[in-house]
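Worksheet: the structure to be examined is printed underneath.
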Amino acid sequence: MTHRTEPRKAPQDPADAAAARHDRFGTLPERIRPEDTVETRAATLPDPARDTYNPDEWLIRYCG
């Protein structure tokens with residue numbers, strides 16, 4: 001269900017219009033840090049059997 005918004009009546013006085021503009025657009029929104037915009041999660045669950053490989057094992061077997 002959509003809702004209707006009533007159109008705002010523009011202030012007749014230029015000072016009132018400037019004050020209304022400043023109230024609405026006078027400040028920037030709060031800054032968001034880039035670290036807060038990214039979520040990191042492991043794509044798969046760790047597999048202990050797969051992570052047992054040691055890439056330097058050949059050094060121990062053949063050079064030792």
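Counting the residues of the range 11-30 that are in a helix (DSSP H, G or I) and either touching a Leu at 6+ places or on another chain (Cβ under 7 Å) or surrounded by 11 or more Cβ atoms within 10 Å (Cβ to Cβ) (or both) gives 6. Return the residues of the range 37-50 that are at pLDDT below 90 and not in a loop (DSSP other than H, G, I, E, B); say none if nothing qualifies. 50 - this is the single residue of the range 37-50 that is at pLDDT below 90 and not in a loop (DSSP other than H, G, I, E, B).
The values are calculated or read from the model by the stated rules, or taken from the named source; none is laboratory data. Small disclaimer: the values here were computed from a predicted structure and weren't measured. Please note: Cβ atoms are built from the backbone with ideal geometry, for glycine as well, and neighbour counts cover all protein chains shown.
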